[in-house]
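Asks: Quick one: this structure, given as structure tokens, is what I'll be asking you about.
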Amino acid sequence: MDNSENNETLEFDLIDAASLRRMGSLLWRNAWIIALAAILTGMAAFIYSRLQAPVYQASAQVLISRPSMQSQIIDITQSMNSQQITQTYVEMLQLTSVRQAASDKLGFPVETGKIQISALTNTQMIEIRVENTNAQRAADIANTLVDVLIEKNEEIQSGRYISSEENLNAQIADMDQQIVDLQSQIKERSTTMLAEQKVSLETQIDALKSQISAMQTEIAGLPTEQANQRRGELEQLQALQRSYENAYAALIVQKKPVTNDDEQLTQLEKTATLYQQIYLNLLNSRESLRLARLQNTLNVAKIDTAQINPNPVSPRVSVNTMFGFIVGLLLAISLIFARDFLDDTLKSRDDIKRLFGLSTLGVIPDHQTEQTDGLFVAEQPRSPITESYRALRTNLEFSSVDHALKTILITSAGPGEGKTTVCTNLAGVLAQAGKKVLLIDTDLRRPKVHQYLGLGNRFGLTDLFLRQGGLADVIQVYEGPNNTRYEVITTGAMPPNPGELLSSDRMHAILAEACQHAGIVIIDSAPSLVADSQALSASVDGILIVVEAGETRAEPVRATLESFRRAQAHILGLVLNRLQNHHNAYNGYQSGYYYHGYGDENRIEEKKNRLPWQKKKA
């Protein structure tokens, strides 16, 4: 149980380490692209920032507070908490009417996108930030917005009570006018009564004076006893006269009626007293309304005036440049990983093992040469390329431990993947090892073996189908330097029906004769796009499939493998051909190890001095 868990953990660690190495290799191969993208985006951000006009910022703060005393009159603001009230004024500052009022005061338009209004957290303060290319204008806009907010607040708050106050003022004015009218009527009625009472008193006083004078004359002519009796009446008349005279004097001095027995005047005075009481009540109501307005009006106070800030807040050249650099870096890395994820071409041994579960018997580095240069393994036996072909030969020998490999079919999923190059050079290293090798070109559609080896193609394999004869009649010999000698059967004339020929009994007989004639037979077949290789698959001991590193896609190879498996063919493995240095799938095996001591130091120096994106010299 523990061993199983340890094995699973070890496998996971190996997979993870391999993935990390692959990712690191991918980034290292494309390091110049990443660096170039980062530099270009950083430079673009720098140039763009430098071309932008400097923007200045000014800020002002206002405080929104409730009145110290709350009115007993129910008001909507009493049910709102401080944050709700503050947020209400934040929204008010964003109204078009407020901006328009500020624009009218300043004489230039106020842009909405340049204003930031926010309520400071856990406070009743509002901060107004204004950005403008002119530092003075930024401060003026912020301060003007505060002034407009204060004016709007007073206008809105007073508007809630203005109708009631106007109604009370109208009633007070009307009551005042009625009181004035009543007082005029009272004054007029009092004047009339004063004149009437004056005339009445004057008449009564004159009558009393006449009576007193007549009685005095009468008393003077009466005897003493009768005169004494009449003097008592005289004294009463004189007392009455004095009372009338006192009343008259009071009437003249005070100009008020002595008696108020007039019902009309009494009614007028009562009405005037009532109207005065109503007037006083109206005055009290108006004062109560004004007090309630003051108690329920929210206070908007400017606590910090916006000042001119000489330092621009944007563009921040250094920050923008760094941001552009990072964006370019991340974008390049993302695109590289995306391209790698979408790229299903085969690039390494790991790809082949992961996708198909097959071994990679050989990894052949790229060695683009002209066809007139001769066979590569013969011309350059000490090259690491030649060593890679020898490694392929060794792997084939190990794969034939259980059963001998007399015939090996070499094909590819598509054209142009280098199968003919692999065939000719593999035959060369086998011949160098002392084996008797026969190379047969069965690509009856686009033969190239004769071109690579510099042989003729006037006769060849197709001649064996046209007439009776043996292999000796069509065999040619390739002889190259460094003991590179093997036999070759080219295709000969192009037939109209290559598929039928290769699947015929005659072809099986030819292969049987070739096995008896040579120690090992290498067959260069057409790509698996056509059925030629499938027709030969049952007659050979093993099949090698050549794939071009970084070019061959996985799906054609999968289809090729499926077709061979349906034919129950023996697939030996795959050969990863034309491996570029940047694929790094050869694990550095083609580096100085092969060159050291083999007299090819110039190539080592050239390899070291060449940049990753520079092509190898021809």
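The values are calculated or read from the model by the stated rules, or taken from the named source; none is laboratory data. Just so you know, these numbers come straight off a predicted model, no measurement behind them. Cβ: placed from backbone, ideal geometry, glycine included. Neighbour counts: every protein chain shown. We work out accessible area using only protein heavy atoms, side chains counted, and drop any ligands, DNA or RNA first. Shrake-Rupley method; radii C 1.70, N 1.55, O 1.52, S 1.80 Å.
Asks: Between residue 43 and residue 307, take the C-beta separation as r, use R0 = 30 Å, and let me know the FRET efficiency to the nearest 0.05.
Replies: 0.25
Asks: Run through every distinct alpha carbon pair of the range 126-266 and return the Kirkwood hydrodynamic radius in angstroms, one decimal place. Numbers along the way, then the final one.
Replies: Values: mean 1/r = 0.0437 Å⁻¹.
Radius from the Kirkwood sum: 22.9 Å.
Asks: Let me know the shape class of the range 327-405, please: from the alpha-carbon gyration tensor, a ≥ b ≥ c as square roots of the eigenvalues, rounded when a/c is under 1.5, otherwise prolate if a/b is greater than b/c, or oblate. Could you put the intermediate results ahead of the total?
Replies: Values: a/c = 3.66, a/b = 1.55, b/c = 2.36.
Verdict is oblate for the range 327-405.
Asks: Further question on the same structure: Given the protein chains as shown and a 1.4 Å probe, how many square angstrom of residue 125 are accessible, to the nearest 10?
Replies: That residue has around 50 Å² of solvent-accessible surface.
Asks: Quick one: how many Å² of residue 88 are accessible to a 1.4 Å probe, rounded to 10?
Replies: 60
Asks: Let me ask something else about it. So which of 406/448; 209/270; 187/209; 353/436 end up more than 30 Å apart by C-alpha?
Replies: Over 30 Å Cα-Cα: 209/270; 187/209; 353/436.
Asks: Which ³J(HN,Hα) values in Hz, rounded to whole numbers, follow from the phi angles of the range 415-430 under the Karplus curve 6.51 cos²θ - 1.76 cosθ + 1.60, where θ = phi - 60° and Gly and Pro get x?
Replies: 3J(HN,Hα) across the range 415-430, in whole Hz: x, x, 9, x, 5, 5, 4, 5, 4, 5, 6, 5, 4, x, 6, 5.
Asks: Whole-Hz ³J(HN,Hα) for each residue in the range 224-230, computed from phi via Karplus 6.51 cos²θ - 1.76 cosθ + 1.60 with θ = phi - 60°, x for glycine and proline: what do you get?
Replies: 4, 5, 6, 4, 5, 5, 6
Asks: Here's another thing I want to ask about it. Please list the non-local residues whose amide H lies under 5 Å from the amide H of residue 364, H modeled 1.01 Å from N, same-chain partners needing a gap of 5 or more.
Replies: 576, 577, 578, 579
Asks: Starting from the Cα-Cα distance between residue 222 and residue 530, subtract it from 0.36 nm times their residue separation and give me the gain in nm to one decimal. Could the numbers behind the result be given before it?
Replies: Working: separation 308, 0.36 × 308 = 110.88 nm, distance 18.48 nm.
Taking 0.36 nm per residue and subtracting the Cα distance, the gain is 92.4 nm.
Asks: Same structure again: In Å², and per residue, what accessible area does the range 199-242 have when probed at 1.4 Å with the other protein chains present?
Replies: So the range 199-242 comes to 68 Å² accessible per residue, rounded to a whole number.
Asks: What ranking of 290, 50, 458, 393 comes out by heavy-atom accessible area, probe 1.4 Å, highest first?
Replies: Details: 290 80, 50 160, 458 220, 393 40 Å².
The residues order as 458, 50, 290, 393, largest area first.
Asks: Compute the Cα gyration tensor for the range 293-357, then decide on rounded, prolate or oblate, letting a ≥ b ≥ c be the square roots of its eigenvalues: rounded whenever a/c is under 1.5, prolate when a/b is larger than b/c in the other cases, and oblate in all that remain. Can you show the working numbers first?
Replies: Working: a/c = 9.51, a/b = 2.92, b/c = 3.25.
Since a/c reaches 1.5 but b/c is at least a/b, the shape of the range 293-357 is classed as oblate.
Asks: On to the next question. Round to the nearest 10 and report in Å² the accessible area of residue 323, as given by a 1.4 Å probe over the protein chains' heavy atoms.
Replies: Surface accessible to solvent at residue 323 totals approximately 140 Å².
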